[in-house]
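What follows is a single structure, written as structure tokens, with notes after it.
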């Protein structure tokens, strides 16, 4: 019977640990940096009562929204898991850190912003 080598298993576990450590760092958002990135968002999300032409629905205000909800939503748009071509194009250009920064900034605003 051959001895079992744990080196590949250890390397795989270490790789996952490093990957998750990187995600934890990216999850900490900087609202100052996020404020620099949201200028294009206000074109739709900053107009009270704004509705899309197609499909026709109310565009939500983002100020005061849950930080984790915003991270989840932007990440899902980026991956194409939420279907909205404009939001997909916007989110696709953001890194995970950008998304965390944007979410940190928007969640720090009052609900009427």
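Some points to look at:
- Length gained when the stretch residue 33-residue 69 is fully extended (0.36 nm per residue, less Cα-Cα span): 11.1 nm
- Across region 54-98, the convex hull enclosing all Cα atoms gives 78 Å³ per residue.
- With all pairs of different C-alpha atoms in the average, the Kirkwood value for the hydrodynamic radius of region 29-108 is 12.6 Å.
- For residue 51 and residue 84, the FRET efficiency from 1/(1 + (r/R0)^6), where r spans their Cβ atoms and R0 equals 22 Å, is about 0.95.
- Sorting the segments 58-66, 36-44 by their mean number of nearby beta carbons within 10 angstrom, highest to lowest, gives 58-66, 36-44.
- Contour excess over end-to-end distance, with Cα ends at residue 92 and residue 108 and 0.36 nm allotted per residue: 3.4 nm
- Relative packing of 80-87, 100-107, 68-75, which averages over residues the other C-beta atoms within 10 Å, highest first: 100-107, 68-75, 80-87
Bear in mind these aren't lab numbers, they're just calculated from the coordinates by the rules spelled out. Because the structure is predicted, anything quoted here is derived from the model rather than measured. Please note: Cβ atoms are built from the backbone with ideal geometry, for glycine as well, and neighbour counts cover all protein chains shown.
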